[in-house]
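A short worksheet on the structure shown next.
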Amino acid sequence: MTRESYPKPPWQTYGSGLAIPCIVQSRYVRVPEELSIVHTAGRTLGMLVYLEYASPSPMKHHELIWLSAIVRCRDRSYRIPNSFGPMYYAARMYVDDVSAMEAGRDEWALPKTFASFRRTRNRITVSAEDGTELSFAFKPRGFTFTAPTNVTTLQKDFGRVVCFKARGRAQVQLATYRIESFESEHPEWESFQSGLVLPGIASHLRSFETTLRAPIEVPRRLDSIAPAPSLV
């Protein structure tokens, strides 16, 4: 697999999905040492997101995302504009397209793993190569309204911090849902298992149009980098 197997971002994407907010105990969240968790009284905000990318998106595939916490750079020498807004840490991601998996890893340092997805009406089952199994169902309710689909994440890569930004709009309905089954031994899912999944307030994205921007490598102030010691 080469980098040419997927188009270079930015990408204009279209599709549908579901977003489930969660209150997460920050002591169960694992983040790289360069990041710290933004929390109140030991709790932070997470989100379980299911997406179906449809034509004319660059790649048509399914995706499951566990955003385990809101984070910031522990090292204040990294320059992150205030306009970026709240930034999540993507703990685990699953896709059923190899090119989408490679693009996420290479471009944005996103922890994507291959998985199979099965949908029967509004019931979705995900079976991942890392052994994770998740099944949930949802039911849209009420009227439809327009809302932004703005998401920003911070990820650690080899010697750098990378920012992923998605900006767009969606036609949204509230939805009821239930997590029917969940099993995983992956440590990044411990925060989900210990979290409080908020009932009855999921957002059903009936349709979205979102731009996935090119990766942003977060720069550091040059004056924050100590000079090498003199050998003379």
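None of the figures in this text is laboratory data; all of them are computed from the coordinates on show. Treat the numbers as computed from the prediction; the structure is a model and nothing was measured. Note that we place each Cβ from the backbone using ideal geometry, even for glycine, and neighbour counts take in every protein chain shown.
Hydrodynamic analysis of the chain uses the Kirkwood radius over alpha carbon pairs. Inserted into Stokes-Einstein at 37 °C and 0.692 mPa s, it gives a translational diffusion coefficient of 177 µm²/s.
Determine the relative contact order of the chain: mean sequence separation of Cα pairs under 8 Å and six or more apart, normalised by residue count, in whole percent. Answer for the chain is 25 percent. In segment 3-224, taking the dipole from charged Cβ atoms about the Cα centre, the farthest positive-side position among Gly85, Phe114, Ala103 is held by Gly85.
Provide the gained length on full extension for the span Phe145 to Ser207, in nm with one decimal, where the gain is 0.36 nm per separating residue minus the Cα-Cα distance. Don't skip to the answer; put the middle values down first.
Values: separation 62, 0.36 × 62 = 22.32 nm, distance 1.09 nm.
Separation in residues times 0.36 nm, less the Cα-Cα distance, equals 21.2 nm.
Would you mind getting me the FRET efficiency between Thr176 and Val38? Use the beta-carbon distance for r and R0 = 25 Å, nearest 0.05.
Details: r = 29 Å, r/R0 = 1.15.
For Thr176 and Val38, the calculated efficiency is 0.30.
When only alpha carbons are used to place a centre, segment 16-38 and segment 127-147 end up 18 Å from one another. Sorting 138-151, 54-67 by their mean Cβ neighbour count within 10 Å, with the most densely packed peptide first, gives 54-67, 138-151. Normalised by residue number, the volume inside the convex hull of the Cα atoms of segment 70-161 is 149 Å³ per residue.
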